[in-house]
There are 2 protein chains.
Amino acid sequence: MLNMRNKPVILAEQVQTSLAELAPLTQKVFLSLTPPTSMDNRADVDQVRQRLERSHGSVSVPLELMSKIPKICRSAGWQVTATLADIGCGWKLIDLEPGDTSGEQLGLAIDIGTTTVVVYLIDLGSGAVLGHAADYNGQISMGEDILNRIRHAAEPDGLRQLQNAVLDTINQLIRILCPLPMETNKITAAAIGANTTMIHLLLGLDPASICRAPYTPTVNNPGLIPAGEIGIDIHSLAPVYCLPSVGSYIGGDVIGGILVSGMHQQPDISLFVDIGTNGEIVLGNEDWLVACAGAAGPALEGGVTTFGMRAEPGAVDHVSINPKTGWVKYSTIGNLPARGICGSGLVDTLAGLFLGGFINRTARFQNGKSEFVVVPAHEAAAGEDIIISQVDINNFMATKGAVNAATDLLMENVGCPWQDISRFYAAGAFGQYLPIESAVTIGLYPDLPRSAIVRLGNSSGEAARQVLLSRAKRLEAEAIAEKVTYFELNANAAFMDKFVGSKFLPHTDLQRYPSVNKRLQTQL
Amino acid sequence: MLNMRNKPVILAEQVQTSLAELAPLTQKVFLSLTPPTSMDNRADVDQVRQRLERSHGSVSVPLELMSKIPKICRSAGWQVTATLADIGCGWKLIDLEPGDTSGEQLGLAIDIGTTTVVVYLIDLGSGAVLGHAADYNGQISMGEDILNRIRHAAEPDGLRQLQNAVLDTINQLIRILCPLPMETNKITAAAIGANTTMIHLLLGLDPASICRAPYTPTVNNPGLIPAGEIGIDIHSLAPVYCLPSVGSYIGGDVIGGILVSGMHQQPDISLFVDIGTNGEIVLGNEDWLVACAGAAGPALEGGVTTFGMRAEPGAVDHVSINPKTGWVKYSTIGNLPARGICGSGLVDTLAGLFLGGFINRTARFQNGKSEFVVVPAHEAAAGEDIIISQVDINNFMATKGAVNAATDLLMENVGCPWQDISRFYAAGAFGQYLPIESAVTIGLYPDLPRSAIVRLGNSSGEAARQVLLSRAKRLEAEAIAEKVTYFELNANAAFMDKFVGSKFLPHTDLQRYPSVNKRLQTQL
C-alpha cells in the first residue's frame, strides 16, 4: 500500500455524519426458528422466508441457497443468521450462517479516482470505518487521463484490460484490508463513488460515446449489481451500488460530493469545486443545481511544475516566505530531505511570492528574476536547488484561470452574483490539504469568511459510505442526479474570453477578494 | 413423441377458462425511444428503464444486458421491444430486441408427473395453447414411484442423475415444440405443476426429508427461479414458477387442481380426487379445504391386471357387456387388434360384469367362474384370450377400496355427511378418460347428478398455464396452499377398518348410490 497522502483517505470529520437511521444495502437478521414437528411441518425454506418477510416484506431465496438451508438449520439447532441484500424492490437472501452472527456485518465504500483508488472497510452495524487502503488506479499505464483511457478501451481487448486493471487494484486493496479469503466472503455489500468513465470501465461497458457528441453514456444509474457479476472479490451475491451520474462529465463522485456537502438542502447558494485530474464545479441550493466540468490538468497533483510531485514522502508540503527577506521556511512529508513540491507547497509558495511582491498580479517575477529557490541544493535530496520557475507559475495559472473562468461563466449564466455565495465546498485533494489562507490569497478559493469555506475531504468515498449505509441517502443521491442541470463549457465561446481574463492574482476583480486586498495593503 | 393418451394432454375445455386479465410472468413492451441529442442526452440504459418504469414500476437491468442496449437501440433506429420478467417485487429487463416483436411472446406450461411429462407451448399474448408434447418422465428407469426415486436420490450422484433425467425429458419436448435453437430463446417464461418430490428433483434439492418424519420438504413455494439456473433450455433469464405445495404429500399439482376446479371459491362443499401413481383427495369450499394423500397403486394406469396396459394404441378402451348374454362389444385405441386393457376399459368391464350379475357386490365371480374373456384369442393381437381374472378384480378393488376408505375417513373427520357434497371433481387421467357411468356404477365416482361430476383433464397442466398467464392466479394458488389443512391418513388406525369395509360394489353403503341401486333393480 502506497502512502497516498495526495488522496485524502481519512474522511473529513465534519462530514462523517452519523446517519439518522442505518439501513445498509445488506442486513443481517438473527432467526430463532422452530424445529418442524408433525403439527407444524412447513418446509425449511418457507419457514426462513416467512420469518424474514415479517420484518422485510418481499424476500426471494436463490436456488443455490435453497439446497443448503435444511443442513444449516439442523446443524445450528435452528439458530441461524440470514443476510438479506437490497434488490431495489425487495430483498434477496444471500447467505445463511449458523448461530448469531448479526454483529459481524461488513461492507465496502470504494472511491475510484482516475488516478487513485481508495477502499474503506465499513462496519454495516455501526457505520464505522474499520480501515482503509489506497493505491494508484492500475489503469494508469493504459492512459493518464480519462480521454486516453477511452482511447485505450477502443483498442482490441482494451476494455477488458482496463476493467481487469481496476478490478485488480480494488481486489488487492480488499486483500490488504481482509487478508483471509474466508473474511472477504463476509463483506456483503459495496458502494462506489467514481466518475462516469470509471464506472463504465469497472462494469466493462464501452465508454466510447462518453467523449463523442451528444455525449451519452451507456448508463448513469446502474442500480444494484451482484459483486460476482462485476468481479469484485467479496460475497458473490453482495449488491454493489454505484452513485448515479448526471451524464458523461458529471459523475457519481460529484453527486456524492453534493450529497455530503448538503448544499442541495440549504436555502442559501453554495459553490462546490472538485479539482483532480478533471475539475467539476457545482452551483446551487435546495431549489436548483447547475454544474460544469472540464479537464483541469494536474497542477494540483504535482504534474505541471519542474519539481512538482505527488504528496509523497519528501514532498515540500508547507512553505512560508518572509515578505521582507524572501527567506523560506518549509516542511516536508515525513520530514525527509526534500525531493520536490506537492500541490499544497506550490499554493503556499505562490501565495508567499505574491504577498511579498516577488511576483505581481499577473504572476510575473519582478526585478528581472525568472525563478525562486524554495529549497537550496544542500538541503535537497538530489543535491540541486528545488525551484519554482516562471514557466511553472504560468502552467499553474492556466489551471487556476480555467477554474476561475468556468466558475465565473457558470455564475454569470445562472445570473448569480458573487455576493450571493454563502458557502464554498472544496472536495477531493483540492479540498483536503490545500492551505486555506494561501488558496484564498492566490484566488483558488473565494474570499469568504473562513467558517464558510468547508473542506469535504474525500467526499466521493464518504458519499459511498453513506449510500452503503442508508437507503434514504441512496434516494437522496438519485434525486440530486435528477436535479442537476449540466452546463456545457466547451460549447461556450465566452469561456475563452473569461479564461484569458482570469489569469490574475488573486482574480481579475480585486474587489471580490477584500481580505487579500487588505493584506496586500498591509504589506506595502 | 409417444402417444400418451393415458395422460390427458388436451386441456379439458370446461376448465380452459379465458383469464379475465392477462398478466403473464414475462411481458413484452414496444418502445419508440428518442435518439439522444445535446438537449436530452440521458444514458441509453436509463432512458429504457425510465420508459419501462412508467408502465411497470420498479425495473432492474442486469449488467449483461447493459452493454448491449446502446448497440441494439442504434441499429434498430430506437424502435425496440423490451421483455420484462416478473421477479416478485418488481420487474427485470431480460431482453431487448430490435423492432416491434411484442406480438411474439412464448411461454411454457409444464406438467411433471411421476410417470409422464407434458409440455404446452403457450402464446403469452393470447393465452392460447400453440402446441403440446408429452413423454415418459426419464426418471422412470431410476424408480417407478416416488419412494424409489427418493431412494435413488440418496445414492452417490443419484440426485444429479434424477435431475438430469427430468431435464432431458423436458428439454427434448421443448425441442419438439421449438426445433430451432433461436426459437427456444424466445420462450421467456415457464410455469410448472408437479408433486413435491418432482419439484425437488427438478431443482436438484435433496428429497430425503419428504419421506422421513416429520415429512418436511426443503421448500414448498420456491418462488421465481431463472430457467438457466435450473437447466431448462429456454431463455436463460426466463422466470420459472412452480405451483406451490402444501407439504410432502400435497404438491403443486393438487393445488393446481383446486385452482382450476374453483372449489375454493364456492359456498357449497366439493370433493376433488386425483388418482395417478399417487392418490390425493381434497374436500372443502370457500371457507376450508382439507386434503389427504396416499399411494394409489397403478390400477388405473394398467399396472395391476394380467392384461393391463397404458392407454396406448391397441388398448381396449371402451367395453359394454350385454347383461343377458354376456356378449362383449369393445373398441381399441387406434382401432388396432387388441393388445390389452387400459384403465377406462377395465372400469367399463367391471361395471358391465356387476350390472349383469356376473360378479356380485363383493366383486366375486358368480356361478363358479374365475375369469371373463373380454377379447377372444382370434381377435387379439397376440392370438390369446384377453381376460379379466378374479385376482385382477381383487387388485383393482384394493385401489378402489383405498380411495373410498380415504374419502370416507376424511369426510367423517371433518364431520361432513355425503348429502352435503354438491360437486365432484375428477383430475388427471382419472378425470379425463374414465367413462362416468361405469365409474359411478362401480363406486369410483360418487352417485351425484351427472352435471355435478366435472372432469378436469390435466388440471396440473392447465393450472400451470393459468399461473403462467396471470399474477392473480399465482396469488390465488399461494392462498390455496396456505389454506389447505393436511390430514394424515397413515397415522390413523381407523383407515384400515374403513379400507377393509370398503371393498364393496359400488360401496358398503348402497344408499349412497341411488342411481346404481335403481339400475340394479331394473336389471333383476
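Side notes on the structure shown:
- Applying a DSSP loop filter and a limit of 11 other Cβ atoms within 10 Å to the chymotrypsin sites (Phe, Trp or Tyr not before Pro) in segment A:84-191 leaves nothing.
- The rotation axis taking chain B to chain A passes closest to this chain B residue's Cβ, listed with the gap in Å: B:89, 2.
- Taking B:487, A:272 and counting other C-beta atoms within 10 Å, the order from fewest to most: B:487, A:272
- Rg [Å, one decimal], Dmax [Å, integer] - segment B:209-326, C-alpha atoms: 19.4, 64
- Proximity of backbone amide H atoms, modeled 1.01 Å from N, is registered between residue A:338 and A:381 at under 5 Å, excluding neighbours fewer than 5 places apart on the same chain.
- Taken over segment B:26-98, the percentage of Cα pairs per 5 Å bin, counting from 0 up to the bin with the maximum distance, is 3, 17, 31, 27, 14, 5, 1, 0.
- Structure-based [θ]222 nm, chain A - -39500 (n - 2.57) summed over DSSP H runs of at least 4, per residue, nearest 500: -9500 deg cm²/dmol
- Quarter of the Cα convex hull surface for segment A:192-249, i.e. its orientation-mean projected area (nm²): 3.5 nm²
- Volume in Å³ per residue [convex hull over Cα atoms, computed for the protein assembly as shown]: 176 Å³
- Net +/- balance of residues flanking residue A:201 in space, Cβ distance below 11 Å, scoring K and R +1, D and E -1: +1
- Computed from backbone phi with θ = phi - 60° and the Karplus coefficients 6.51, -1.76 and 1.60, the 3J(HN,Hα) list for segment A:223-231 is x, 9, 10, x, 4, x, 6, 8, x Hz; x is used for glycine and proline.
- Taking amide H as placed 1.01 Å from N in the peptide plane, residue A:416 has no amide H partner under 5 Å among residues 5 or more places away or on another chain.
- Inter-copy label distances at residue A:522, shortest first and taken from points set 7 Å along Cα to Cβ: 12.2 nm.
- DSSP-defined antiparallel bridges as percent of all bridges, chain B, nearest 5: 65 percent
- Neighbour counts of other Cβ atoms within 10 Å put B:318, A:378, A:264 in the fewest-to-most order A:378, B:318, A:264.
- Peptide-level mean, for A:210-219, of C-beta atoms on other protein chains within 10 Å: 6
- Kyte-Doolittle at least -1.0, axis length at least 24 Å by Cα - qualifying DSSP helices, chain A: A:158-177, A:390-414
- A straight Cα-to-Cα reach below 20 Å connects residue B:324 with the aspartates and glutamates B:348, B:371, B:437, residues fewer than 8 places away in its own chain not being considered.
- Translational diffusion of segment B:104-242 was estimated from the Stokes-Einstein equation, with Rh taken as the Kirkwood radius over Cα pairs; at 37 °C and 0.692 mPa s the coefficient is 217 µm²/s.
- Considering only segment B:26-98, percent of DSSP beta bridges that pair antiparallel, nearest 5: 90 percent
- 7 Å along Cα→Cβ, label-point gaps from residue A:268 to other copies, nm, shortest first: 7.9
- Distances from residue B:286 to itself in the other copies, using label points 7 Å out along the Cα-Cβ axis, amount to 5.3 nm in increasing order.
- Charge dipole of chain A about the Cα centre (unit charges at C-beta), most positive-ward option of A:207, A:193, A:386: A:386
- D_trans [Stokes-Einstein, Kirkwood Rh over alpha-carbon pairs] for segment A:373-523, 25 °C, 0.890 mPa s, µm² s⁻¹: 135 µm²/s
- Lysines with Cα under 27 Å of residue A:473, excluding same-chain neighbours fewer than 8 positions away: A:7, A:28, A:92, A:186, A:483, B:92
- Per-q log10 I(q)/I(0), segment A:322-454, q = 0.09, 0.16, 0.19 Å⁻¹ (Debye; single scatterer per alpha-carbon; no solvent): -0.31, -0.90, -1.18
- Under 17 Å from residue A:503, Cα to Cα: lysines that are on another chain or at least 8 residues apart: A:400
- Rh by Kirkwood over Cα pairs, then Stokes-Einstein D for chain A at 1.567 mPa s and 4 °C, µm²/s: 53 µm²/s
Quick note: the coordinates plus some simple rules give every number you see, no bench work behind them. Just so you know, these numbers come straight off a predicted model, no measurement behind them. Note: ideal-geometry Cβ built from the backbone for every residue, glycine included; neighbour counts use all protein chains shown.
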